[in-house]
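**Student:** Handing you this structure, nothing more for now.
The values are calculated or read from the model by the stated rules, or taken from the named source; none is laboratory data. Here the structure is a predicted model, which means the values were calculated and not measured. Neighbour counts are summed over all protein chains in view; Cβ atoms, including those assigned to glycine, are modelled from backbone coordinates with ideal geometry.
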């Protein structure tokens, strides 16, 4: 695996691989990698011949009071994990390389509707930052396919719409959420949790699964399920940001008539914000 820092080096390396007839796969990350990220690389390696990973903590997707300055940066350990997972090329640009003309005048890519509500309501501008940096990475690498985690369900929906609407010839692959033994979705932000908080955190997924089980058994009063779920989260010491049942493709509020559903949640545990979801298709339940 080689590591490059400039767009010129990145494009040269990808061009060499493409000239050899190789199919290019991309897995964008913000680093501080865990087994969930490794699964993205493994999936890309199964579907492509040359796997590019990126590590870039993107300032454009952080709000003014979020954890940009403290977001963990662990490049040496990340390089080892990427190598073991089958990555061929790592791109680790600086902010200046990604935004050479500054961020104030940067062209912004915005995906309406899907970016609104849920995490978009709690983190204004976040998905514009995501859509913009992903568009730049897609243009830099021009991959045949790109892999993103399903834990960030709204982000994945935004990226699918971005590729569709801008006619990008890129296959977007969602990789199922990787979980700890107790059900907690793996996240770089889990490292912020104290030992006591870490013991509480799995309640988020337990509540989501409980709602999913009730829906699978025929419960159609979604509001009652959500109210009960919020009370359970609060009783466990989690502060709900949102708990919603949405139609899985449009992310619009679900009704009893919808069959393809996703239960999405975000909670605060101390100062740490955790997200999770459960995709549920009642036609196959």
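**Student:** Which of the residues belonging to segment 236-285 are assigned to a loop (DSSP other than H, G, I, E, B), surrounded by fewer than 17 Cβ atoms within 10 Å (Cβ to Cβ) and touching a helix residue (DSSP H, G or I) at 6+ places or on another chain (Cβ under 9 Å)? Quick ask: steps written out before the conclusion?
**Tutor:** So the first thing to find is which residues in segment 236-285 are assigned to a loop (DSSP other than H, G, I, E, B), and the list is 237-238, 248-252, 254-259, 270-271, 285.
So of that shortlist, the ones also surrounded by fewer than 17 Cβ atoms within 10 Å (Cβ to Cβ) come out as 237, 249-250, 252, 255-257, 259, 270-271, 285.
Hits for segment 236-285 are 237, 249, 250, 255, 256, 259, 270, 271, 285.
**Student:** Ok, one more. Here is a list: 110, 135. Which entry is in the same structural domain as residue 65 (by TED's automatic domain parsing), surrounded by fewer than 17 Cβ atoms within 10 Å (Cβ to Cβ) and touching a helix residue (DSSP H, G or I) at 6+ places or on another chain (Cβ under 9 Å)? Even if it seems obvious, please write down each step before you answer.
**Tutor:** Working: 135 fails: surrounded by fewer than 17 Cβ atoms within 10 Å (Cβ to Cβ).
Of 110, 135, the one residue that is in the same structural domain as residue 65 (by TED's automatic domain parsing), surrounded by fewer than 17 Cβ atoms within 10 Å (Cβ to Cβ) and touching a helix residue (DSSP H, G or I) at 6+ places or on another chain (Cβ under 9 Å) is 110.
**Student:** Something else about it: Quick check on my filter: what residues within segment 174-185 are in contact (Cβ under 8 Å) with a residue 12 or more places away in the chain and surrounded by fewer than 18 Cβ atoms within 10 Å (Cβ to Cβ)?
**Tutor:** If the condition is that a residue be in contact (Cβ under 8 Å) with a residue 12 or more places away in the chain and surrounded by fewer than 18 Cβ atoms within 10 Å (Cβ to Cβ), then 176, 179, 180, 182, 183 are the ones that fit.
**Student:** If you don't mind, there's one more thing I want to ask. Kindly provide the set of residues from segment 138-150 that are surrounded by fewer than 20 Cβ atoms within 10 Å (Cβ to Cβ) and not in a helix (DSSP H, G or I), ordered by number.
**Tutor:** Those that are surrounded by fewer than 20 Cβ atoms within 10 Å (Cβ to Cβ) and not in a helix (DSSP H, G or I): 142, 144, 145, 150.
**Student:** How many residues does segment 83-124 hold that are assigned to a helix (DSSP H, G or I), within 18 Å of the chain's Cα centre (by Cα) and without any contact (Cβ under 8 Å) to a residue 40 or more places away in the chain?
**Tutor:** Initial filter on segment 83-124 (assigned to a helix (DSSP H, G or I)): 83-85, 95-98, 119-122.
Now restrict to residues that are within 18 Å of the chain's Cα centre (by Cα): 119-122.
Applying the additional criterion that residues be without any contact (Cβ under 8 Å) to a residue 40 or more places away in the chain yields 120.
Total satisfying the criteria: 1.
**Student:** Additional query: Does residue 197 qualify as being over 20 Å from the mean Cα position of the chain (by Cα), in contact (Cβ under 8 Å) with a residue 24 or more places away in the chain and not in a helix (DSSP H, G or I)? Quick ask: steps written out before the conclusion?
**Tutor:** Details: over 20 Å from the mean Cα position of the chain (by Cα): yes; in contact (Cβ under 8 Å) with a residue 24 or more places away in the chain: yes; not in a helix (DSSP H, G or I): no.
Against the criterion (over 20 Å from the mean Cα position of the chain (by Cα), in contact (Cβ under 8 Å) with a residue 24 or more places away in the chain and not in a helix (DSSP H, G or I)), residue 197 does not qualify.
**Student:** Would you mention how many residues in segment 33-52 are surrounded by fewer than 21 Cβ atoms within 10 Å (Cβ to Cβ) and over 21 Å from residue 169 (Cβ atoms)?
**Tutor:** Of the residues in that region, 6 qualify.
**Student:** All but one of (1) touching a residue at least 60 places away in the same chain (Cβ under 8 Å); (2) crowded, with 20+ Cβ neighbours inside 10 Å hold for residue 158; which doesn't?
**Tutor:** (1)
**Student:** Looking only at segment 40-65, count every residue that is within 17 Å of the chain's Cα centre (by Cα) and under 30 Å from residue 124 (Cβ atoms) and tell me the total.
**Tutor:** The qualifying residues number 12.
**Student:** Any residue at all in segment 165-188 that's part of a helix (DSSP H, G or I) and closer than 28 Å to residue 270 by Cβ?
**Tutor:** yes
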